[in-house]
Each structure stands twice: as structure tokens, then as C-alpha cells.
Amino acid sequence: MEWANDGKSKGGVLAHLERLEIQVNRSRKNLEDLQRAQAVESALGTKIHKLRCLRDELRAEVKQRQARVRASPDQTLKISEQEVMERRQEKVKAILQAYRFTGLSGKLTSRGVCVCISTAFEGNLLDSYFIDLVIQKPLRIHHHSIPVFIPLEEISAKYLQNNIQHFLFCLCEYLNAYAGRKYQADRLQSDFAAFLAGPLQRNSLCNLLSFTYKVEPRGQFPFRARLQYKDLTTTLPTDVTITYQGTDALSPSWEEQRASHENLFFSKPLHHVFTYLQEKEKSWI
């Protein structure tokens, strides 16, 4: 009985020690959490103090500038305008330096800067265009070789005064897309004339193309294609219409071909589509 009682007392002591250990661990964890919270609070307090100091410095600088403007408004205005022009010129130089590998280049002139935009498609260098900018207030275009069907005035009105970088980037997009569409149309006429019935019909912007074609060089011309590029910054059509030109009723096989051709024109450049059709025709022989 004594041994049993002694075992019970020992078990009670062990259980009590376990409870104490759990309480100690909880207290330690709470203390660590409190210390971390205090450290975060201290860091935030330091950051808030620095920001308040910066705010006070900026307020003092604004007051000094306002005082200088009130003292001599004409001279300050001239200096600020000159600074703005110099900053614009430096910004244009930086943009040209950053984009020199993407088809943009240029040189400083007595009036400002002359920018050259070189277009390319699929690694092929195509036409180049220039635009002569006068760096003054407001910025203006002195001379350019941009085609008349590119919406230069619209792009200038949106971006030239507020964001010269976006103005040049947007102009590059339009010119490269036009060059890419023209390149595709030229390749179709020169490399795949055997597939076409007559000349390819296109407008000056090359955003509306129509042609009659066949899938076999020695066959008839069963299909008529109409491709429209509503987005002038893309080289793939946004609307494709393929119609069957045959006199007989459209069979399921012809309808399947017509539908597959629409998908091809949506997803591939023109010359790639006809390269695919040519290779497919050879595989049938």
C-alpha cells in the first residue's frame, strides 16, 4: 500500500511538472511574440520619424521656391522653361539609347532631335522612316517621312506633349505592323502566284486584303478570302471570311477545308499559310 501511494504521489508530481513546463513554454512564446511586436513597432516608429523629417524638408523647399517666384517671377519662369526643355532633350536621348536595339535611333540637331524608325518582320529589315522633333514648348514635329495613312496626328495629340517615350513606342508599333502586313502581301504575290487567281487586292494600309486561291497549283480556284486588320498595330487579321466559289453544293470535305483555312489565316502570317498548304499538297502526291 505504501508503494502504491508512493507511485501515486510520484505520478502527481510528474503531471504537475508537465503542466508547469507547458506554462513556461507558453510564457516564453508569449514573451518572444511580444519582443517581435516591439521590434516591429520600433522599426515603424523610426520609419515614421524619417518620413516626417522628409515631409518637413519638402515643405521648406516648396516655401523657398514660392518665395523666389514671388521675388522675381519672370526670371524664374525663364529658368524653369529652360530646365524643362533640357530635361526633355535628355529624356529623348535616354530613350534613343535604351531602344537602339529595337529599331529606334537618332541624332541631335540644332532644333532638337531627328529620330529614325527602322521596321522589321521575322528578322527581315524593311523600310525606315524619320521624324524631326523640335524640342521647345510645346514639342512639335518639324518634318517627317511617316506614310499619310499612319494616324500620326492622332498619336501626336495623345502622347507627344505628355509622354515622348510612349509617342515613339506607339509610332513604332504602327509602322512595324504596317511593314509586316505589307511584307506578307508581297511574299504571297511573289512566292505563291501559282495559288492565286489574278492579283492580290489590297489597300494602301494593307489592312484589307482579298484574293481568290486554290489549294492545289493545278486545280481550280474554289476559295475566296477576305482578311481585315481592324487593329492597325497587329500583323494578323482580326476578321477572316473564306467563301466557297464552286458551282456545286458545298460538300462536308470542302466545308472542313474552308473552316480549317479560316483558323490558319487567323493564327499564321500569309506566306506561312501557303507554305503549309503547299507542303500538305505535296504529301498527297
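Data table
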quantity	calculated
Residue selected from region 194-209 under the condition over 27 Å from the mean Cα position of the chain (by Cα) and either open to solvent by less than 20 Å² (accessible area, probe 1.4 Å) or among the aliphatic types (A, V, I, L, M) (or both), by the criterion nearest to Asn176 (Cα to Cα)	Leu200
Unmet requirement for His142, which otherwise passes all of (1) touching a residue at least 24 places away in the same chain (Cβ under 8 Å); (2) open to solvent by 60 Å² or more (accessible area, probe 1.4 Å); (3) not in a strand (DSSP E or B)	(3)
Flag for His261 being assigned to a helix (DSSP H, G or I) and within 27 Å of Thr119 (Cα to Cα)	no
Condition check for Leu133: open to solvent by less than 70 Å² (accessible area, probe 1.4 Å), more than 30 Å from Gln184 (Cβ to Cβ) and outside the structural domain of Asn207 (by the TED database)	yes
Exclusive hit being at pLDDT 95 or above and either under 30 Å from Lys268 (Cβ atoms) or open to solvent by less than 60 Å² (accessible area, probe 1.4 Å) (or both), set Leu104, Leu175	Leu175
Selection status of Tyr183, modelled with pLDDT of 90 or more and buried (at least 17 other Cβ atoms within 10 Å of the Cβ)	yes
Output for region 165-193, where each listed residue is closer than 16 Å to Ser118 by Cβ, of a type in the set (D, E, K, R) and under 21 Å from the mean Cα position of the chain (by Cα)	Glu173
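The values are calculated or read from the model by the stated rules, or taken from the named source; none is laboratory data. Keep in mind that what you see is a predicted model, and the values were worked out from it rather than measured. FYI the Cβ positions are ideal-geometry reconstructions off the backbone, even for glycines, and counts take in every protein chain you see. Accessible surface is based on the protein model in full, side chains and every heavy atom, while ligands, DNA and RNA are left aside. Shrake-Rupley method; radii C 1.70, N 1.55, O 1.52, S 1.80 Å.
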